[in-house]
Amino acid sequence: MNYISNMLLDLEMDPTIAKYLSIVIMIFFIATICIIANFITKKVVFRVISHIVRSNKFTWDDMLLERRVFHNLSHFVPAIIIYYFASTFPSYQNLIEKGAITYLIIMGLIVINSVLNTVNDIYQTFEISKIRPIKGYIQVVNIIVITLGIILVIANLIGKSPLIFLSGIGALSAVILLVFKDSLLGLVAGIQLTANDMVRVGDWIEMPKYGADGDIVDISLNTVKVQNFDKTITTIPSYALISDSFINWRGMQTSGGRRIKRSLFIDITSIIFCTDEMIEKFKNIHYLSDHIINREREIAEFNARHEINRNNPVNGRALTNIGVFRAYIRNYLLHHPGINQEMTLMVRQLAPTEHGLPLEIYAFSNDIRWAVYETAQADIFDHLFAVAQEFELRLFQNPSGNDLKAVVEESRKVSMVRDMEH
């Protein structure tokens, strides 16, 4: 800058004007160099790097490009130029150097954050990332780096050693614990969740307390994001998955079968012994013919062996319509294409209630997809509701308005007949 000032003085310019003009010219010169350097870095070097990155077979460097790591590195050049030209302004040299160093530290933090995010992106390309996510650990490292960066910025601005601030952290530990409470709880929870393999990205979890019922789409340091089946997003604190209970449906998803557990309520007054006509009718039902023949032979042998008088149906053993219906349901499910035959399958009676006798179907579909599962379940019960009357069984339901209306109409008809007789 002295060279510029001397040149202006040689032109017989006023010394004061020459001083300020030389400063303006120097600032313009430095700014021009910074602009040129930034232009060369972004338009030339950055394009060459981008071409090399996109043309090779590796994918990790593409992620560095997408995270703008190289773009952020280009911001270092103008700051370095300004730092080295600070000596041309002796009165403001210290201030300029501190400003340049502060900018370099901030850009360094941005670059480190971009690199850490890239590491997480690269890790997520592997299958292990669904079982052992590292996003929470990346965020912990990021917090530590940002904290150290802030300390360096403050230490640089006030001209003190960073060690002074680091030594004071112990005294501020209570404040730090309070400020970073959620992060620390999330870190501990993340370690436990990962170590115990409690949740993974893609797991279907159900947590009514937080209104969550859907698939996990993201696991971070502080939160777990769940996309519900209505496409809404529920955010759950990570530590809540440790402190509260939740249902993880992963076992069902990996088993290859989804449970069907539903009951038909049979009107108990419709349960009777099978007559000869009913038995002959049942022999013509595809899923019952062999069962009826075998059961008849077994019952006849038992009654003959024990010399039981069958003139009264109470004596000995006999077929009942509910027993035959239960056998029919089991054989029907054994031949149903939507039922997993390798998993538990049973048709059982539960304790009678005021709604009748519950006949429960306990089986597993062979397709865990929700829509397919519901379709298979509906098809099964559509058929059973329609076929129950073939066994002279009535399904229970509370009286509806039409039922009461029919009773009133019947009562009215009876009254009219009586009036006509009189």
Exercise. Quick one: accessible area per residue over the chain, 1.4 Å probe, rounded to a whole number of Å²?
Worked result: 62 Å²
For this session: Mind checking the range 216-290 for trypsin sites (Lys or Arg not before Pro) that DSSP puts in a loop (not H, G, I, E or B) and that have at most 13 other Cβ atoms within 10 Å?
Result: LYS231
For this session: Note down, for the chain, the three equivalent ellipsoid semi-axes (square root of 5 times each alpha carbon gyration tensor eigenvalue), biggest first, whole angstrom.
Result: 85, 24, 22
Problem set entry | Sparse-neighbour loop sites [chymotrypsin sites (Phe, Trp or Tyr not before Pro); the range 215-254; at most 12 other C-beta within 10 Å; DSSP] | PHE229
Exercise. For the range 38-62 and the range 262-324, what is the separation of their C-alpha centers, rounded to whole Å?
Worked result: 82 Å
Exercise. Sequence-distant or interchain residues sharing an amide H contact under 5 Å with ILE260, placed H: which?
Worked result: ALA363, PHE364, SER365
Problem set entry | Calculated FRET efficiency for the pair VAL44/MET107, C-beta based, R₀ 22 Å, to 0.05 | 0.65
For this session: Mind scanning LYS98/LYS135; LYS135/LYS231; LYS42/LYS98 and naming the pairs with a C-alpha gap bigger than 31 Å?
Result: LYS98/LYS135
Exercise. Among the lysines, which have Cα under 24 Å from the Cα of LYS43 when same-chain residues fewer than 8 positions away are ignored?
Worked result: LYS57
For this session: Excluding residues on the same chain fewer than 8 positions from LYS283, give the aspartates and glutamates whose Cα lies under 18 Å from its Cα.
Result: GLU296, GLU298, GLU390, GLU392
Seminar exercise, completed: Rounded to a whole %, the carbon-and-sulfur portion of the accessible area of the range 66-113 at a 1.4 Å probe is 67 percent
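The values are calculated or read from the model by the stated rules, or taken from the named source; none is laboratory data. Predicted model only: the values in this text are computed from it and were never measured. Counting neighbours? That spans all protein chains shown, and the Cβs are built from the backbone with ideal geometry, glycine included. Each accessible area value is taken on the protein alone, full model and side chains, heavy atoms only, with ligands, DNA and RNA left out. Shrake-Rupley method; radii C 1.70, N 1.55, O 1.52, S 1.80 Å.
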